[in-house]
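See below for the structure under consideration.
The values are calculated or read from the model by the stated rules, or taken from the named source; none is laboratory data. Keep in mind that this is a model prediction, so the values were computed, not measured. Cβ: placed from backbone, ideal geometry, glycine included. Neighbour counts: every protein chain shown.
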Amino acid sequence: MKVLDLQCAQSHVFEGWFASEDEFQTQRAGGLLTCPVCSEANVVKLPSAPRLNLGAMPSTGQVPAQAPRASVQAPGHAMAVPDRAESPTAPAVALQAAWMKAVRRVMAETEDVGERFAEEARRMHYGETAERGIRGQASAEETAALLDEGIAVLPLPLPAGLKGPLQ
């Protein structure tokens, strides 16, 4: 099983598991591989260092506090591979993870009313039905009309990947 670090054209970073390199290439070429955040199909592999389980140190019997950095060596060249925590993309990855967590919470705590969103929002606003958290789709005109009526709505772009189970 190959675990690859992937990135879409929108700079969202995610992980993919594939049976082989050929399987990754086949899925990518067939348009089956998309970003779970934005559904972008333009996905590339990021360079990644192997993770090594060093276990206990033989001389002391203790696990090291921090695994040593990996080093990539080519003829005449050496390059240190930084830890993930030191990566310049770490803040972006943390922000993406926080956003995904917030979106998952919104999805778990709201009812999807689909294209009936404007109708349900009005029914709640005018007391025809109990207030509850809802989400759904509304056109720009419907959204403007709701705002004109004093009904607070907030656009929330939901990644297509969250509409089904994520592995």
Checklist line | Criterion: among the hydrophobic types (A, V, I, L, M, F, W, C), at pLDDT 90 or above and farther than 24 Å from R105 by Cα - qualifying residue of A121, A130, A138, A144 | finding: A144
Next item on the list: Taking R84 as the residue in question, decide whether it is surrounded by 10 or more Cβ atoms within 10 Å (Cβ to Cβ) and modelled with pLDDT under 85.
Entry: yes
Notebook entry, point to check: For the stretch 132-143, which residues satisfy the criterion of being small (G, A, S) and surrounded by 12 or more Cβ atoms within 10 Å (Cβ to Cβ)?
Noted result: G136, A138
Next item on the list: Report whether or not A70 is at pLDDT below 75, under 30 Å from Q7 (Cα atoms) and surrounded by 10 or more Cβ atoms within 10 Å (Cβ to Cβ).
Entry: yes
Item checked: Filter result for A56 (part of a loop (DSSP other than H, G, I, E, B) and at pLDDT below 90) -> yes
Item checked: Filter result (at negative phi and small (G, A, S)) within the stretch 103-135 -> A108, A118, A121, A130, G133
Next item on the list: Can you work out which of the residues in the stretch 1-22 that are in a loop (DSSP other than H, G, I, E, B) and either at pLDDT 90 or above or among the hydrophobic types (A, V, I, L, M, F, W, C) (or both) is surrounded by the fewest Cβ atoms within 10 Å (Cβ to Cβ)?
Entry: M1
Item checked: Selection status of R105, modelled with pLDDT of 90 or more and out of contact with any Asp or Glu (no Cβ under 9 Å at 6 or more places or on another chain) -> no
Notebook entry, point to check: Do you know which of the residues in the stretch 28-41 that are at pLDDT 85 or above and under 18 Å from V93 (Cα atoms) is surrounded by the most Cβ atoms within 10 Å (Cβ to Cβ)?
Noted result: C35
Next item on the list: Kindly indicate the residue of the stretch 92-131 that is acidic (D, E) and over 30 Å from L6 (Cβ atoms) and also surrounded by the most Cβ atoms within 10 Å (Cβ to Cβ) among those meeting that condition.
Entry: E120
